[in-house]
Structures are given as C-alpha cells and as structure tokens.
Amino acid sequence: MWLLSALVALPHAEAAGFQAKTMRAPLSAVEVERPLVIGKGWLEASFGYDQKLADGSWSPEGEAVAWRSARWLYTTERIDIRFGLSRSSEFYWHIPFHYVQLHNDALGTDTTGLGIGEPRFGWKLELFNRAIPTTSIVLDFEYKMPTGQETAGTYVGGPTTVSVFPMSSGQADLSAFVRGKQQIGPFAIVGGMGYVQRFSGVSQFVVEVDQYQFGGRFKPGSEVRGELSPMLQLGPIALHGDVVYRRWFEGALGTTAGGGFWDENLDLIEGSDGWSVDAGGGVIVNATRGVDFLASASVPIRGEDLTYFPLESLSPTRGVTFSGSVELRY
C-alpha cells in the first residue's frame, strides 16, 4: 500500500486538451518583461498582413523622387511560427505570400501578380538571461530559401508586354545577428546588429542578351544592418518605436558558364551599393498570455534608387508600410 500511495502522490507533467503544459517555461503576460526567446514548450503562430502603396522612389543620391503616373501596391500575407526547443533556444519559420500591382496611367498598364515569396527559417540561442528586470541577449541565425517566383516574363516588345513580377531573387542568404533587450521598469530597449551574406544563384529574370535566353547568375550585395526599438508598457498595451539602418554593397551579374568558381566571373553592377534608414512605431495589445494583437507603421527616411525593382527586399520603393497581425501561442 505504501508503494501505491507514493505513486499516486508523484506529480505528472502533462496536459489534456488546451490545458497549460506543466513542462513549459514561464512566460510573462506583458511584452516588456518577455525575453527574446519564447521559452521551452511554447508554440506560437502569427498571422499577419503588410501593405505598401508607393508613389515614389529615390535618386542615386538618396533624394526623394515622386512618380508622375505610376502607383505600386506591394502586400505580404505571412505566417510566422516559433517553437521553444529549450529554455534558451527556439526555432522559427517565416512563410510569406505576395500580391502586387503596378498601375501606370501613361502607359495604360495595370499589371498584377500573386505568389509565394522567400521563406526563411532560423534558430535563436540565448547567451544571457536575467529576470526582474528582464535582460536577454541572443544569437540569431537565419537562412533564406530562394523558392519564390523568379520569372519575369519576356522583355521582347518593351515593358508593356511584361505580365509577371518576380517575387524571389533566385539566390540564398545566410545571416547572423546579435540582439539584446534590457528592461527598466515599464520601459525596455531592444537593439540588434548583424550581417547578411548573400550568395550567388542562377535567376530566371537575368537575361543573357547575346544568347537570347533567360537564366544568368545573380549576386546581390551583402548587407550590414542595425536595429533599435524602445518600448513603453502601459497596462496590457505596449507602445514601441523602431529604427532600422541598412548598408549594402555592390551586387554582380554574370553568365552561367565559367567553371565552378562562379563569383570570380561576375561583373559588378556599378552604383548598386547604398544605405537606407526606416523609422516607425506601433502598438502591441497583450489580450491574454496566449493572444496578442499587433499594429505598426514604417516610414522610409532615406533610400537608394531602384536597381533591383520589383524585389522589395533589395530595392524598396518609397511608401509607408502598414502592418497588422495576431499572435496565438500555447
């Protein structure tokens, strides 16, 4: 009997249905106190929407240029998933879809496109964590897969014959960032600095004119990026500002021939380097520990010309981006 009584008294680390899992790490109900990793045992799914309606671009010197008759609509419908592998690491996925529209009154064109973008997945490792107040420092490694639409249609006959927009650069990226968060009462500051290594790849939108064929090697310039986001928690509402600085280097193009050392045979695209600054802010509503609502806006402050248009990740147009999403976690 004593053995049976001991077994009954043992705690069980399990959950049924939508009950809380006892093995998962604790998670604060407010954003300002949460670390930069989601914590062991947590699964989060985020469904979001981003929209930009651009009516201008930038000159090579970074000056704002207004379009006379063109409008560019760029939207992203995205799914983000995070899973806590342990108390100090998480795995995440980002799956985007895009709907785009280019309307030009002067040319009488109204071209649209719909397709999957460039999925990304990554791993975060927390190097340091302290609670009350929260201090969190992480390493963030991410890989971008070139699996989106990269066909741009035919160039014969001029721009009025193009009916497809590429939504992928056709090459892979590998990035490494260091990010940190420090809480001070109801305030917090989140910052990050990192490097994006862009590899060359064969892209269908690169035209070998002398061979009259699509499919050339393309390598965008690698990039250095810095991010800063102050935050203020007011009850269940967190207000935040965002500043993002990007500095990228010259890209290159080349033929598919030339042996195994592809990048040695590429020609630099003069003037394709540059830098940009975006600023904005938003609000996070912590409805419950398992549900958050997010809304934000990002305003371009400075940019460069549209060397790689319509690839927004490489050459953003000039327009305000509005975003909204809902996060569900269990």
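The values are calculated or read from the model by the stated rules, or taken from the named source; none is laboratory data. Computed from a predicted structure; not experimentally measured. Note that we place each Cβ from the backbone using ideal geometry, even for glycine, and neighbour counts take in every protein chain shown. Protein only, heavy atoms only, side chains kept; ligands, DNA and RNA dropped before computing areas. Shrake-Rupley method; radii C 1.70, N 1.55, O 1.52, S 1.80 Å.
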In segment 231-260, how many residues are under 27 Å from Gly194 (Cβ atoms) and either surrounded by fewer than 16 Cβ atoms within 10 Å (Cβ to Cβ) or among the basic types (Lys, Arg) (or both)?
6
Cβ pairs under 6 Å, 6+ apart or interchain, first in segment 61-75 and in contact (Cβ under 8 Å) with a residue 60 or more places away in the chain, second surrounded by 13 or more Cβ atoms within 10 Å (Cβ to Cβ) and hydrophobic (A, V, I, L, M, F, W, C), ordered by first then second residue, are Trp72/Ala54; Trp72/Leu102; Tyr74/Val100
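Do you know which residues across segment 96-110 are open to solvent by 60 Å² or more (accessible area, probe 1.4 Å) and under 19 Å from the mean Cα position of the chain (by Cα)?
Phe97, Tyr99
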What do you reckon, is Thr22 at pLDDT below 95, surrounded by fewer than 15 Cβ atoms within 10 Å (Cβ to Cβ), of a type in the set (S, T, N, Q) and under 27 Å from Pro146 (Cα atoms)?
no
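Does segment 59-80 hold any residues that are under 20 Å from Tyr49 (Cβ atoms) and open to solvent by 50 Å² or more (accessible area, probe 1.4 Å), and which are they?
As a first pass, look at segment 59-80 and keep what is under 20 Å from Tyr49 (Cβ atoms): 71-80.
Correct list: Arg71, Glu77, Ile79.
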Out of Gly170, Gly148, Gly153, Gly215, sole residue that is more than 30 Å from Gly281 (Cα to Cα), open to solvent by less than 70 Å² (accessible area, probe 1.4 Å), assigned to a loop (DSSP other than H, G, I, E, B) and modelled with pLDDT under 85
Gly153
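So which of Gly113, Gly48, Gly122, Gly41 ends up being at pLDDT below 90 and either assigned to a strand (DSSP E or B) or surrounded by 15 or more Cβ atoms within 10 Å (Cβ to Cβ) (or both)?
Details: Gly48 fails: at pLDDT below 90; Gly122 fails: at pLDDT below 90; Gly41 fails: at pLDDT below 90.
When all the criteria are applied, what remains is Gly113.
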Exactly one of Leu228, Leu232 is modelled with pLDDT of 95 or more and within 21 Å of the chain's Cα centre (by Cα), and that residue is Leu228
Please state which one of Glu270, Glu304 is exposed (fewer than 15 other Cβ atoms within 10 Å of the Cβ), assigned to a loop (DSSP other than H, G, I, E, B) and more than 18 Å from the chain's Cα centre (by Cα).
Glu270
